[in-house]
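I have placed the structure first, in the form of structure tokens, so that the comments after it can refer back to it.
Read-outs throughout are calculated quantities, based only on the coordinates presented, and are distinct from any laboratory measurement. Because the structure is a prediction, the values reported are computed rather than measured. Counting neighbours? That spans all protein chains shown, and the Cβs are built from the backbone with ideal geometry, glycine included.
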Amino acid sequence: MYAFDYQRPSALDEAVALLRDLDEPKVLAGGQTLLPTLKQRLAQPGSLVDLSRIPGLSGIERRGEGLFIGAMARHAQVATSPLVQEVIPALAELAGMIGDPAVRNRGTLGGSIANNDPTADYPAACLGLGASIVTNARTLVADDFFTGLFETALGEDELVVGVEFPAPARAGYAKFRNPASRYAMAGAFVAQMADGVRVAITGAGQGGVFRWAEAEEALHADFRPESIAELTLDASDIMSDLHGSADYRAQLVKVMTLRALVAALR
Amino acid sequence: MNANTASNVTPIGAAVRRKEDHRFITGKGRYTDDLHRPGEAQAYFLRSPHAHARIRSLDTAEAAAMPGVVAILTGAELAEDKVGDLICGWMIHSVDGSPMRMGSHPALAKDTVRYVGDHVAVVIAETLNQAKDAAAAIAVDYEVLPAVSDLAQAQAEGAPQLHEVAPRNVVFAWELGDKDATDTAFANAAHVIPIDVVNNRLAPNPIEPRAAIGDYDSGDDAFTLWTTSQNPHLARLVLSAFVGIAPENKLRVIAPDVGGGFGSKIFIYAEETVCAWASKRVGRPVKWTCDRSEAFLCDAHGRDHITHAELALDPAGRILGFRVKTTANMGAYLSTFASSIPTYLYATLLSGQYDIPAIHCHVDAVYTNTAPVDAYRGAGRPEATFLVERIVEIAARTLKMDSAAFRRLNFVTSFPHQTPVIMNYDAGDYAASLDKALELADYAGFPARKTEAERRGKLRGIGLSNYIEACGIAPSAAVGSLGAGVGLWESAEVRVNPTGNVEVLTGSHSHGQGHETTFAQLVSSRLGIPMDQVSIVHGDTDKVQFGMGTYGSRSGAVGMSAIVKALDKVEAKAKKIAAHMLEAAEGDIEFKDGRFSVAGTDRWLGFAEVALNAYVAHKFPTSEIEPGLKEGAFYDPTNFTFPAGCHVCEVEIDPDTGVTQIVNFTAVDDFGVVINPMIVEGQVHGGIAQGVGQALMESVHYDADGQLVTGSFMDYTMPRAENLPSFRIGLTQTRCPSNPLGIKGCGEAGAIAAPPAVINAITMALGTEDVSMPATPAKVWQIIQAWRAVAQAAE
């Protein structure tokens, strides 16, 4: 780890001001990606701005038909929340599948989506449910928020405050874990919403999380496995590495989509 | 003497809990990194980022001036102090009679680096962070040279050369067996079964990374080295006699609690060498703890063979001959025992459990720009077993014979059995373990299970592995004649204290095996005293007489046999003392259940009474019998031991994802006499897990430039609990005739037996033999796709 300054603001405004004023700051939420990165000297921020003492960022509440989940809500909190389990059970299940117990008890929703790791789970839920990301400055729809590998629409002094999740009629999530890292090699979030079906894919896209339009159309027409049985995902934008070719990942995307659909129909 | 009654004895064969686990489970283990010496400084190694480069210049001036830096040392200082190279202790001669080509292996590079992670310099600083900061400021001007990381390319014309002494990177071209007899067998064969296999390279990954603290005491002009070693005496011998750190009497090596080794902690590495040497040079204790990334780079890897082999069969399926050509990767330098692994620990096991009249094996060992390769759990024997059990399986399938029946037809059935590749099998019953394994695995019920799985869209297969290994390493004269630089006996000292409790000083070293329990069981049952009155002392060259350490499943067969010999002497002397105390003839004294009694009378003394009298020395003539009760012994085995058995793996493959699920795994092993069945089961479980890891997920991968791609757990896949079923474990027993306890050894069996069992099951499920390890989901899915494409084309 390289030396850095450490700030722990107690209000959102203060945090935003620090991000504006400090030299090369980094936001510390749950730290489950950032801290290992620092330990391996793969990043050298000037300062860490720790959000853990800002009140009111970790609540889970009903908002209209859906949910509002604070940015600092831990994965374990979302996984075990009776409210999430009632309103969007697929989201609670997804949160319970992230990492391991230690990660789930430290990692946060806001940290995950702000990092936008192409193999993370939460981006698939946000995009799959058509969630809105609420920041200190504005509200962005998920389709505009995730912009590329480890890239989001967040400005340099912009912080995620929480996420508004509309309630789906039915939804499911399935992922194929990378055998080594256990991150998603292919994860599919399938949701039947009031205005159509959304299918969001994580772990496989060269540009990070994406929507599988053909599967959405087919399932919008008929929300049954048979609708997508003959579909194949074009592998040209799919990642290829030591753990699997693009063709293999494209196949996994399809299988996970089917399994997410089966989960949604349960 | 209540304490001496037999009811407090823990007999051999009792599944008692491990004594050492209280310490480990309550966090009281003392590992090298837990230890701190007053004034210690931290070492950090600057490692080569290139697979092959010449160091044009190395400028440490700026780095040396940075905060907290105590010293920066390089190969130049090493040479200045005349510190010798690291060595390989087993001489192999090539077919042409020439000795193996050992390239210079300095602990810090002189002018060339030969793999990513090779040691360029050490920074010693007040804190690790300061050392790392300074290391980043060292200016190294590298002339990057072409590298060869691919084993198959290492001997090619024009391939980059690693060591001048080794043209075409060949360390040795060695052979074993009778080539003419083997050629004749093939000439007479009705069937010839060919196979090409790759035995994948593995990273050992013990849970505790390596660590060392060197501490020079200028008052005594003596060194102490705490290090994560499986064999501290051997480390002292090598560091003293070859590297030249200090004379043996001025170098104390302590291997405290060690958290797993799997072979990787046998070897004498650059880091502990440098910590010991540097502690004198800088006048401070010097500490180094490996991080996981460094462990992937520079712990000696395992396996890494490419082999072509052929099996000659008669019309009925009897094996006539076996021909093997292997290329073995040694990495960039020869590690401590590297040369013995693909030779005498490999080719000598190529007869498997089978009566094969003629075998010939040729091995080319080659250098590549990769980390050194040496012993890893099983060491040579997994490579042999994988080859034998795959080719035997393919032979059975080719001849359309039942896999079990084919093996049974070819089993060795009478003992002793001399194989054509040195080994003399002393005892075994291969049909017994096969029968029991088939029963436990419900082999007969497999077709029904396969049909049921097909209804669920799953591909199901079952695979056998009838392994044999040579353990209890090894008779000293025998290994000496084969090139070993050391004898492979073991030592023990049994110290009976005046109050009747016992300390056993053993040359074996426990790093997970549970010696504190099993060795105490032996003493408890023999002396009739409770197990908690027996302490096992190991791992410190100042406390324990010279010993050879723990590897090759030798601590039971060799280490405990030395204890038995020492106990024999203790008993003999105690009988003399008891005879005087009981005023009886020595020949009338019997020792049983902790009592010395006069035969045919009710007169007896407890063990503790005799022990006390041995030290009080009032009741016997000290001119005839020395006071005290402490005896030592060295035991040299008369033969290797030959654990063997049958493992059966049943898999189900999901054709949609290529995921292989092991649905059943049965292991029936003949380990001879078992001291503690619970510990043995644990060893079997761990071994199978590592074997399954090799078969399904683990593989060290270097890219064409020699960069390590699988440098962390993000990319190197370790087996997990969810990858394994609840094992079905069974034992058969033939007593080992070659040691007093009848023990064969159990530490490596799982890692040896499991890989071919898994791959035989997968190849059966897929209907193709062309499945290499690791059979990852991606690879299996690609095989299924190719197979479906062929099937569609045929329609």
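The range A:48-87: which GluC sites (Glu not before Pro) are DSSP loop and have at most 14 other beta-carbon atoms within 10 angstrom? If you can, show how the numbers build up before the last one.
Values: sites: A:Glu61, A:Glu65, A:Glu86; in loops: A:Glu65.
Loop-located and lightly packed - A:Glu65.
Among residues other than B:Phe415 whose Cβ falls under 10 Å from its Cβ, what is the net charge (Lys/Arg +1, Asp/Glu -1)? If you can, show how the numbers build up before the last one.
Details: positive: none; negative: B:Asp426, B:Asp429.
Summing Lys/Arg as +1 and Asp/Glu as -1 gives -2.
In the protein assembly as shown, taking the dipole from charged Cβ atoms about the Cα centre, the farthest positive-side position among B:Pro382, B:Ala14, B:Leu505 is held by B:Ala14.
Extending 7 Å from Cα along the Cβ direction at A:Ala102 and again at B:Ala181 yields two label points whose distance is 5.6 nm.
Under the simplified labelling scheme, the B:Ser218-B:Thr601 pair shows an inter-label distance of 6.6 nm, with each label point 7 Å from Cα along Cα→Cβ.
Can you work out the FRET efficiency for the pair B:Arg23 and B:Val537, with r the C-beta to C-beta distance and R0 = 22 Å, to the nearest 0.05? Using R0 = 22 Å, I get an efficiency of 0.95. The C-alpha atoms of the protein assembly as shown occupy a region whose extents along the principal axes are 102, 76, 68 Å, arranged from largest to smallest. Need the C-alpha centroid separation for the range B:327-357 versus the range A:219-260, integer Å. Here the two parts' Cα centres lie 45 Å apart. For B:Thr641, the amide hydrogen comes within under 5 Å of the amide hydrogens of B:Cys471, B:Gly472, counting only partners 5 or more places away or on other chains and with H modelled in the peptide plane. For B:Val659, the residues 5 or more places off, or on other chains, whose built amide H falls under 5 Å of its own are B:Asp654.
Tally Lys/Arg at +1 and Asp/Glu at -1 over every other residue whose Cβ is under 14 Å from the Cβ of B:Val674; what's the total? Write out the running numbers ahead of the final one.
Working: positive: B:Arg735, B:Lys744; negative: B:Asp669, B:Asp670, B:Glu681.
The answer is -1.
Using only side-chain charges placed at the Cβ, +1 for Lys and Arg and -1 for Asp and Glu, the dipole size of the protein assembly as shown relative to its Cα centre rounds to 1900 debye. Relative to one another, the C-alpha centroids of the range B:604-678 and the range B:123-137 are positioned 46 Å apart. 3J(HN,Hα) couplings calculated from phi for the range A:111-126 with the Karplus curve 6.51 cos²θ - 1.76 cosθ + 1.60 (θ = phi - 60°) are, in sequence order, x, 5, 6, 5, 6, 6, 4, x, 10, 7, 8, 4, x, 5, 5, 4 Hz; Gly and Pro show x.
Here are some pairs, A:Lys254/B:Lys458; B:Lys110/B:Lys280; B:Lys436/B:Lys565; B:Lys28/B:Lys543; which of them have Cα atoms lying more than 24 Å apart in this structure? Write out the running numbers ahead of the final one.
Values: A:Lys254/B:Lys458 18 Å; B:Lys110/B:Lys280 21 Å; B:Lys436/B:Lys565 35 Å; B:Lys28/B:Lys543 21 Å.
Correct reply: B:Lys436/B:Lys565.
Taking A:Pro82, A:Pro168, A:Pro25 as the candidate residues, the one with maximal mean-square fluctuation in a Gaussian network model of chain A, Cα springs under 10 Å, is A:Pro82.
The alpha carbon gyration tensor of the range A:170-265 gives principal lengths a ≥ b ≥ c with a/c of 1.5 or higher and a/b greater than b/c, which makes the shape prolate.
Using alpha-carbon pairs under 8 Å, 6+ residues apart, how would you state the relative contact order of chain A in percent? Mind dumping the intermediate values first?
Working: 597 pairs, mean separation 40.9, N = 266.
It comes to 15 percent, rounded to a whole number.
Summary value for chain B: 16 percent relative contact order, contacts being C-alpha pairs under 8 angstrom separated by 6+ residues. Put a dot 7 Å past the Cα of B:Ser98, heading toward its Cβ, do the same for B:Asn424, and the two dots end up 3.5 nm apart. For B:Val171, the residues 5 or more places off, or on other chains, whose built amide H falls under 5 Å of its own are B:Ala365, B:Val366, B:Tyr367. Karplus-derived 3J(HN,Hα) values for the range B:556-568, using 6.51 cos²θ - 1.76 cosθ + 1.60 with θ = phi - 60°, are x, 5, 9, x, 6, 5, 5, 5, 4, 4, 5, 5, 4 Hz; glycine and proline are entered as x.
Normalised by the number of residues in the range B:678-726, what is the relative contact order in percent for Cα pairs under 8 Å and 6+ residues apart?
On the way: 31 pairs, mean separation 16.8, N = 49.
So the answer I get is 34 percent.
Over all other residues within a Cβ to Cβ distance under 10 Å of B:Thr641, the charged ones net out to 0, with Lys and Arg as +1 and Asp and Glu as -1. Dipole of the range A:60-165 computed with +1 at Lys/Arg Cβ and -1 at Asp/Glu Cβ about the Cα centre; of A:Thr135, A:Ala90, A:Tyr122, farthest Cα towards the positive end is A:Ala90.
For B:His163, B:His119, the sequence from fewest to most other C-beta atoms within 10 Å is B:His163, B:His119.
Taken residue by residue and averaged, Cβ atoms of other chains lying within 10 Å of the Cβ of B:774-780 number 4.
The chymotrypsin sites (Phe, Trp or Tyr not before Pro) of the range B:317-366 include none that DSSP puts in a loop with a beta carbon having at most 10 other beta carbons within 10 Å. For the range B:385-475, trypsin sites (Lys or Arg not before Pro) meeting the loop criterion (DSSP other than H, G, I, E, B) and having at most 13 other Cβ atoms within 10 Å: B:Lys400, B:Arg456. Distance from the alpha carbon centroid of the range B:241-320 to that of the range B:444-496 works out to 22 angstrom. 3J(HN,Hα) along the range B:307-324, derived from phi through the Karplus expression 6.51 cos²θ - 1.76 cosθ + 1.60 where θ = phi - 60°, amounts to 9, 10, 9, 9, 10, 9, 10, 8, x, 8, x, 7, 6, 9, x, 9, 10, 9 Hz, with x in place of Gly and Pro.
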